Amino acid sequence: MRIAVGGIHTECSTYSPVLMTTEDFRVLRGAELLQADYFDFLNTEGISHLPLLHARAVPGGPVSQPVYDAFKAEFLERLQQALPIDGLYLAMHGAIKVDGMVDAEGDWISAARAVVGPDCPIATSYDLHGNVSQRIIDQIDIFAGYRTAPHIDTRETMIRAWTMLISALRSGIRPGVAWAKIPVLLPGECTSTEDEPAKSLYLQLPDIDARPGVLDANLMVGYVWADEPRATACAVVTATDRAAAKQAAADIAAGYWSERHNFRFGPVTGLLDAMLDIAESATTTPVILADSGDNPTGGGVGDRADVLKALLARGWRGALIAGIADRPAVDACFAAGAGETLMLKIGGSLDPTSPVAEMLVDVVRLDDPGPEKERQAVVRTGAIDVVLSARRRPYHNIEDFRRLGLDPKAVRLLVVKSGYLSPELAPIANPNLMALTDGVVNQDIANLASLHRSRPAFPFDPEFDFAPEAILSARWVESV
Ligand SMILES: [Zn+2]
């Protein structure tokens with residue numbers, strides 16, 4: 001059995017002016033794809049896996065068209081060379097925006113379909129924050145999406161998609177996909193599966209999987225910072241029975257729609273000043289404040305100095321800000337050297353509209369793992385430490401801090417660019433606060449510019465009637 005594997009995986013805020021380039025992607029080609037931890041479940045005896053290209057990036061702004069075109073051309077060339085194949089597995093995110101293009105995943109998957117022909121089953125795995133389209137559904141046979149946010153089931157989801165593909169090939173029973181759009185677009189921060197009502201909605205999915213004729217039931221929250229016609233929540237169901245698939249999709253869609261008014265932010269949430277007032281009077285530590293509008297793992301630029309400026313204005317004592325993406329500032333720290341003092345501009349290195357802070361800092365520590373884009377610097381101004389990174393990146397794991405000699409548990413206030421906290425930071429937050437800061441992934445959803453989205457959609461349109469309509473993949477209709 002010959003299974004080809006590849007894909008493209010990122011999430012792009014269409015509000016970001018900072019285009020992604022090749023440098024933003026981790027690209028796995030050929031043999032290195034199968035050696036990567038990410039794909040190490042592809043090791044079943046009797047199956048030869050044909051690794052193509054998988055390009056993955058931290059979320060950000062739109063991908064530049066030439067970069068996307070080059071990835072796609074290489075992927076398709078490798079796919080062509082891998083033929084003949086029995087199946088294709090694509091590990092996708094689902095919320096790519098390519099500059100000047102709508103529905104980039106639709107483009108990618110359609111191009112793959114054109115190469116493999118109509119008879120080859122295609123299985124896809126998606127992030128639940130991906131946006132699906134009819135064009136995508138019409139090209140695929142198998143779909144599985146994450147069921148947790150924060151995402152702790154990435155691997156299980158990939159295995160679900162891949163296992164359904166192998167089972168279909170072994171049994172000869174070809175599944176298909178049905179979907180139902182849900183005209184609701186909410187941010188991940190309101191729809192965490194740690195909190196109600198998302199928690200209960202997602203807990204129902206395994207029961208729907210168990211229905212006769214259904215294989216895999218999915219609720220897609222979608223990606224709200226994509227001002228694209230396809231941006232929407234939806235239900236996607238992989239099944240072997242068409243009627244059961246449509247019923248399951250309609251039921252999942254109805255469940256999400258009926259709860260639309262009940263989604264709330266998990267942590268204590270409010271404007272930055274109000275959150276800093278709470279942090280100031282907190283008697284426990286560490287307070288972990290999420291700077292939500294500039295969260296790089298949601299597509300934020302990550303170069304904003306809003307919180308740093310606010311802390312300086314308050315004369316704050318005892319804070320660690322991790323981090324701010326600022327390559328020129330990192331370069332200046334490396335030029336000065338550890339232990340030196342310099343005047344430094346922090347912020348606005350990528351997005352010219354991001355706020356800038358200028359101050360005298362001591363260079364506390366320099367981290368140079370090799371490539372210039374991986375360099376980091378820790379600087380101190382007054383009683384505030386700031387981690388500066390040469391590239392856009394999150395600081396969501398304990399190891400990110402340990403590497404820099406920092407202990408996130410030992411600070412009075414830790415500021416991270418994040419929405420809901422990561423699985424490693426959430427347990428140590430005491431308490432967790434989320435600031436509704438500005439940025440290209442700000443949480444003021446109803447007021448996001450909405451020039452291209454399909455309407456009506458909640459919460460852009462607060463009141464309208466809706467009844468779910470489940471639609472089969474065109475492939476499945478034609479194979480009746
Ligand atoms: Zn996600």
Quiz prompt | In region 13-34, residue surrounded by the fewest Cβ atoms within 10 Å (Cβ to Cβ) [restricted to those that are aliphatic (A, V, I, L, M) and either over 15 Å from the mean Cα position of the chain (by Cα) or within 16 Å of the ligand (Cβ to nearest atom) (or both)] | solution = A31
Practice problem: Go through region 197-223 residue by residue and tally those that are within 15 Å of the ligand (Cβ to nearest atom) and at negative phi. | Solution: 7
Quiz prompt | Scope region 51-100; condition surrounded by 22 or more Cβ atoms within 10 Å (Cβ to Cβ), within 16 Å of the ligand (Cβ to nearest atom) and not small (G, A, S); matching residues | solution = P59, M92, H93, I96, K97
Exercise. Assess whether T232 counts as being surrounded by 24 or more Cβ atoms within 10 Å (Cβ to Cβ), in contact with a Ser or Thr (Cβ under 9 Å, 6 or more places away or on another chain) and among the β-branched types (V, I, T).
Key: no
Practice problem: Would you mind finding the one in R327, R314, R260 that is touching a residue at least 40 places away in the same chain (Cβ under 8 Å) and either more than 30 Å from P456 (Cβ to Cβ) or crowded, with 20+ Cβ neighbours inside 10 Å (or both)? | Solution: R327
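Looking for whichever is within 16 Å of the ligand (Cβ to nearest atom) and in a helix (DSSP H, G or I) here; the options are E194, E189. Which one fits? Step through it out loud before you land on a result.
On the way: E194 fails: in a helix (DSSP H, G or I).
Just one listed residue meets the conditions, E189.
Identify, from the list V177, V184, the residue that is within 21 Å of G299 (Cβ to Cβ) and in contact with a strand residue (DSSP E or B) (Cβ under 9 Å, 6 or more places away or on another chain).
Numbers: V177 fails: within 21 Å of G299 (Cβ to Cβ).
Every option except V184 fails the conditions.
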Quiz item: If the Cβ limit is 8 Å and pairs must be 6+ apart or interchain, which residue in region 27-43 that is more than 18 Å from T124 (Cα to Cα) pairs with which residue that is at pLDDT 95 or above and aromatic (F, W, Y)?
Solution: V27/F71
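Suppose we filter I152, I122, I159, I173 for residues that are surrounded by fewer than 24 Cβ atoms within 10 Å (Cβ to Cβ) and within 16 Å of the ligand (Cβ to nearest atom); which single one remains? So that I can check it myself, show each step before the final result.
Details: I122 fails: within 16 Å of the ligand (Cβ to nearest atom); I159 fails: within 16 Å of the ligand (Cβ to nearest atom); I173 fails: within 16 Å of the ligand (Cβ to nearest atom).
I152 is the lone residue from the list that is surrounded by fewer than 24 Cβ atoms within 10 Å (Cβ to Cβ) and within 16 Å of the ligand (Cβ to nearest atom).
With respect to I166, is the statement that it is among the hydrophobic types (A, V, I, L, M, F, W, C), within 16 Å of the ligand (Cβ to nearest atom) and surrounded by fewer than 22 Cβ atoms within 10 Å (Cβ to Cβ) true? Can you show your working first?
Numbers: among the hydrophobic types (A, V, I, L, M, F, W, C): yes; within 16 Å of the ligand (Cβ to nearest atom): no; surrounded by fewer than 22 Cβ atoms within 10 Å (Cβ to Cβ): yes.
The answer is no for I166.
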Quiz prompt | Answer from T44, T10 - the residue that is β-branched (V, I, T) and within 16 Å of the ligand (Cβ to nearest atom) | solution = T10
Quiz item: Which condition does K417 not pass, out of (1) touching a helix residue (DSSP H, G or I) at 6+ places or on another chain (Cβ under 8 Å); (2) among the charged types (D, E, K, R); (3) over 30 Å from G266 (Cβ atoms), if it passes all the others?
Solution: (3)
Practice problem: Please work out if I252 is hydrophobic (A, V, I, L, M, F, W, C), within 14 Å of Y202 (Cβ to Cβ), part of a helix (DSSP H, G or I) and modelled with pLDDT of 95 or more. | Solution: yes
Self-check item: Number of the condition not met by N131 [criteria: (1) farther than 17 Å from A104 by Cα; (2) within 16 Å of the ligand (Cβ to nearest atom)]
Solution: (1)
Quiz item: Is it the case that region 155-163 has a residue that's more than 20 Å from the chain's Cα centre (by Cα) and over 22 Å from A198 (Cβ atoms)?
Solution: yes
Exercise. Would you be able to tell me the number of residues in region 352-388 that are over 16 Å from E399 (Cα atoms), among the small types (G, A, S) and in a strand (DSSP E or B)?
Key: 2
Quiz item: Only one of (1) within 15 Å of the ligand (Cβ to nearest atom); (2) in contact (Cβ under 8 Å) with a residue 60 or more places away in the chain; (3) more than 27 Å from A36 (Cβ to Cβ) fails for P183. Which number is that?
Solution: (1)
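The values are calculated or read from the model by the stated rules, or taken from the named source; none is laboratory data. Quick caveat: nothing in here was measured; it's all calculated off a predicted structure. Note that we place each Cβ from the backbone using ideal geometry, even for glycine, and neighbour counts take in every protein chain shown.
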